[in-house]
Amino acid sequence: MLQESKGYGIIKEWLEKKDFHPFEFQEQTWEQIMHGGSGLVNAPTGCGKTFSVFLGTLIQYINQHPNQYQSKAPGHLQLLWITPLRALAKDIGRAMEAVLTELNIPWTVGIRNGDTSTSERQKQKRKVPEILIITPESLHLLLAQKDCSLVFAHLQWVAVDEWHELMGSKRGVQVELAITRLIGMQTKHTICLWGISATIGNLEEAKEVLLAPLQKQGCIIRAVIDKKIEVHSIIPDEISEYPWAGHLGIKLAEKLIPIIEASNSTLIFINTRGMSETWYQTILNVAPQLAGAIALHHGSIEPELRAWVEDALHAQKLKAVVCTASLDLGVDFRPVDTVIQVGSPKGVARFLQRAGRSGHGPGEISKLYFLPTHSLELVEAAALKQAIIENKIESKDPMLLCFDVLIQYLCTLAVGEGFDANKILKEIKTSYCFADISKEEWTEILLHITQGGIALNQYDEYHKVVVEQGLYKVISRKIAMRHRMHIGTIVSDAMLKVKFLGGGYVGVIEEYFISRLDPGDVFTLAGRNLELVMIKDMDVLVRKSSAKKSIVPSWNGGRMSLTANLGAILRETFNKALVDESSIEIRSLRHLFQTQAALSKIPRDNELLIEQIESKDGFHLLVYPFEGRQVHEAMSAILAYRIAQIMPISFSIAMNDYGFELLSDQPIPVDDSNVQELFNTENLFADIQKSINSAEMSKRKFRDIAVIGGLIFQGFPGEHKKARHLQSSAALLYKVFEEYEPDNILFRQAFRELMEQQMEEHRLRAALDRMYHSKILVCFPKQLTPLAFPIVVDGLNRNSLSSEKLEDRVRKMQEQLSKS
């Protein structure tokens, strides 16, 4: 019994001295850990999930060593804590060290990630800490060491933090594979494995994926805690009937100042790094009194400055921090009592996650203010509020058969202690991702790492692994060094370091952005205006600039797409557009909805609205599925192709999260007689192939797979290998496989991932089927409608109008529409 154990008594007494009382879910977790159980802990943010697992391991350790738990350190790694975020590692480490010190347990806590210094790594090698907090990439780097089995020989517990964030990504697959090896290394005992998750829809499946290598059922421990969340929408003083993306946002900056000043400490979440730079400058311009009390935090700012911001937040030295997803997860900043979300987070789980960054403690209220970047986002705010009430949180589908990650993993093992093919096959088949790998696929993968497969057999650089006395090993020091440098599954454009001419590191910037600037151009990074002096190797040399105007960097992958979950709730929210008096968001948009209803229709959740509008720009066909930008991208191309089969016609395409536009210079042959067939799911796969440049898109997908799978070397540090050179290398390999080995395992994976991830073929099929069986409303408004306007403006934006010219054009369009 837990209550009778010495460990529990000591922990309970320590908690009582601090006037803390354990939650029921924490005690349930401790009981399971005490009996060698494994499972998944699910609790709201800020309710002690970390302590549910960490204190459980301490209770069990005290029970194992009742007389010497304070006098003698084990001297071996006991607890491995896997976390997706570097900011999270520091925070968890600080909390753990405080507990160990107060309980007088002589354990050390180590942190291992990309920011860990070489001296700290050497120190850890000489004396392994009892607790190691590590990212998936750094864990694989440890597996690439020659003595890794000694490091993990006495490991008792593995905790995977923020599992909901890792599952469904290739980093999650990395974790799955590492766990199979950690379990396989143990000869005398079984590892206890625990996942920690805040918000996920398919919790049972998440547990299955994580615990699969243990081949045990495990348990889910849910916290039954009513975490109160208050969501307040910031309503603009005036709402245009014709909104467009980005037209509000910055103009509402002044409304944030009273919220910041009335709060203890505020996190201001912005969806992209580029916009976070703009918002930081805007808030300082609006409220110069906040200088020194407001900071900026995102992934491209240099690590020391990020660490300073995190420490200052803990110490309550900052009134506000403008941040991105870099502070999304689990970081416990107690002083933060308010969160502001600028623009829609595009998903319920992300919204809840960010709300939970405030009131980060049991019994405290999480307070979130929603600031729309255009007025229609207020409908999303209403939908998000409803989703929280109904607890409709997104699920994440686990990834299957990611052969690029498996190839990288096998090379990692070959660089380390080497591996026995039969033994490792048995291990990886215990993972959820590779449970169904076939013998033929395994044989091809081994052929790939030893001989480069069939197509690349003639090239020595692809003969990476050799077989010596039955063990697969990398014996070339050069290949081993190259491999260690590129362990990981996050593939981004080349990042260049930004440094001052006189020394001093500012942060990193993507190559594709900086390559478009000329010396003398001024850009913004880390809240500073910087003048480009020159690019030297992998460094961007800059000097400070006092220029008033600067270019805000854009980073690839900046635009998030609406989740299927939020899209469904959004469609339901439109049912109430003209009748809901209880929602402040819907009430504030009443005039806009009345205009929409007068000109066209407001679609209900069982209807699909299509508008045909003629303007001086041409003939517009607008479709409103509310399925998110990513699905609309594929759907619009399919519809354009299918309409062109009725009559030869060409289109330009624009889209947002609510719908898409096909614009032509001739009337579009769509009416009640043929509209339904446009959404037929028959021959969908063939139509995708014909309507979208799938070969070109799969080449880009193949580039990422080739980088992860080690077919393309990205260069040594300080060696400048441009992104376009990587793409041309990938294109060359793609052509080789296409001609000589079309059944190549990585070549086929590129097409599969294109369909499953980029095209979201499963979601696209479901959406088309829903629309096919909906009541389709084809309307012919005399002018652009409030729903059509932001999509048409997005199309203008794509035609490379400068922001000033675009604003002028939009203003004129709004005036003309309002008059008519």
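Residue separation of Leu447 and Asp226 scaled by 0.36 nm, minus their Cα-Cα distance, works out to 74.1 nm of gained length. Directionally averaged projected area (segment 343-438, Cα convex hull): 10.7 nm². Note: relative contact order over segment 108-193, using C-alpha pairs below 8 Å and six or more positions apart, is 30 percent.
Entry note: segment 135-181 has Rg to Rh equal to 0.98, where both radii use alpha-carbon atoms and Rh is the Kirkwood radius.
Rounded to a whole number, what % of the accessible area of the chain do carbon and sulfur atoms account for, probe 1.4 Å? Carbon plus sulfur share of accessible area: 50 percent. For Lys544, the lysines whose Cα comes closer than 27 Å to its Cα, not counting residues fewer than 8 places off in the same chain, are Lys317, Lys319, Lys497, Lys499, Lys536, Lys722. With R₀ fixed at 56 Å, the C-beta to C-beta distance from Leu578 to Phe685 puts the FRET efficiency at about 0.90. The calculated FRET efficiency for the pair Asn264 and Glu390, based on their C-beta separation and a Förster distance of 35 Å, comes to about 0.70. In units of the rule-of-thumb radius 2.2 N^0.38 Å, segment 421-507 shows an alpha carbon radius of gyration of 1.54.
For the residues Asp115, Asp226, a 1.4 Å probe over the protein chains yields an accessible-area ranking, largest first, of Asp226, Asp115.
The simple spin-label model puts a point 7 Å past each Cα toward its Cβ; for Asp311 and Arg809 those points are separated by 4.9 nm. Residues Tyr242, Tyr472 ordered from highest to lowest accessible area at a 1.4 Å probe: Tyr472, Tyr242.
Here the spin labels are modelled as points 7 Å beyond Cα on the Cα-Cβ line, and at Tyr740 and Leu425 they lie 2.6 nm apart. A Cβ-based charge dipole, computed about the Cα centre of segment 1-144 with Lys and Arg at +1 and Asp and Glu at -1, lands at about 680 debye. Distance from the C-alpha centroid of segment 647-689 to that of segment 449-508: 44 Å, rounded to the whole angstrom. Extending 7 Å from the Cα toward the beta-carbon at both Thr101 and Asp605 defines two label points whose distance is 5.2 nm. For the chain, the longest principal axis of the C-alpha atoms and the axis of helix 564-574 are separated by about 40°.
Our coupling estimate for segment 396-413, obtained by passing each phi through the Karplus curve with A = 6.51, B = -1.76, C = 1.60 and θ = phi - 60°, is 10, 7, x, 8, 10, 6, 7, 5, 5, 5, 5, 4, 4, 4, 5, 5, 4, 5 Hz, Gly and Pro reported as x.
Note that the chain presents 42 Å² accessible area per residue, ligands and nucleic acids not counted, probe 1.4 Å.
Using 0.36 nm per residue and subtracting the Cα-Cα separation, the extra length available between Ala731 and Lys782 on full extension is 13.6 nm. Placing +1 on each Lys and Arg Cβ and -1 on each Asp and Glu Cβ, with no other charges, gives segment 581-655 a dipole about its Cα centre of roughly 80 debye. Positive end of the dipole of the chain (Cβ unit charges, origin at the Cα centre): among Gln814, Ile235, Gln458, the Cα lying farthest that way belongs to Gln458. Label segment 359-493 by shape, choosing from rounded, prolate and oblate, from the square roots a ≥ b ≥ c of the eigenvalues of the Cα gyration tensor; if a/c is under 1.5 it is rounded, and otherwise prolate applies when a/b is larger than b/c, oblate when it is not. Prolate. In the context of the full protein assembly, Val128 retains an accessible surface of approximately 30 Å², using a probe radius of 1.4 Å and ignoring ligands and nucleic acids.
A probe of 1.4 angstrom, applied to the heavy atoms of all protein chains, finds Lys396 with accessible area near 70 square angstrom. For the set Lys123, Lys499, solvent exposure ranked by accessible area (probe 1.4 Å, protein chains only) runs largest to smallest as Lys123, Lys499.
Entry for the chain at q = 0.05, 0.08, 0.09 Å⁻¹: log10 I(q)/I(0) = -0.29, -0.76, -0.98, Debye formula applied to identical alpha-carbon scatterers, no solvent contribution.
For the pair Gln666 and Lys536, a Förster radius of 51 Å applied to the C-beta separation gives a FRET efficiency near 0.45, rounded to the nearest 0.05. A straight Cα-to-Cα reach below 26 Å connects Lys423 with the lysines Lys146, Lys170, Lys188, Lys207, Lys216, Lys439, Lys464, Lys473, residues fewer than 8 places away in its own chain not being considered.
Dipole magnitude for the chain: computed about the Cα centre from +1 point charges on Lys and Arg Cβ and -1 point charges on Asp and Glu Cβ, it is near 1960 debye. Going down the list Lys616/Lys782; Lys385/Lys576; Lys125/Lys429, which pairs span over 22 Å between their C-alpha atoms? As for pairs spanning more than 22 Å Cα to Cα, those are Lys125/Lys429.
The values are calculated or read from the model by the stated rules, or taken from the named source; none is laboratory data. Note that the coordinates shown come from a computational prediction; the quantities given were computed from them, not determined experimentally. Here the Cβ is made from the backbone with ideal geometry for all residues, glycine too, and neighbour counts use every protein chain on show. For the accessible areas, the whole protein counts, side chains as well, though only heavy atoms, and no ligand, DNA or RNA atoms are used. Shrake-Rupley method; radii C 1.70, N 1.55, O 1.52, S 1.80 Å.
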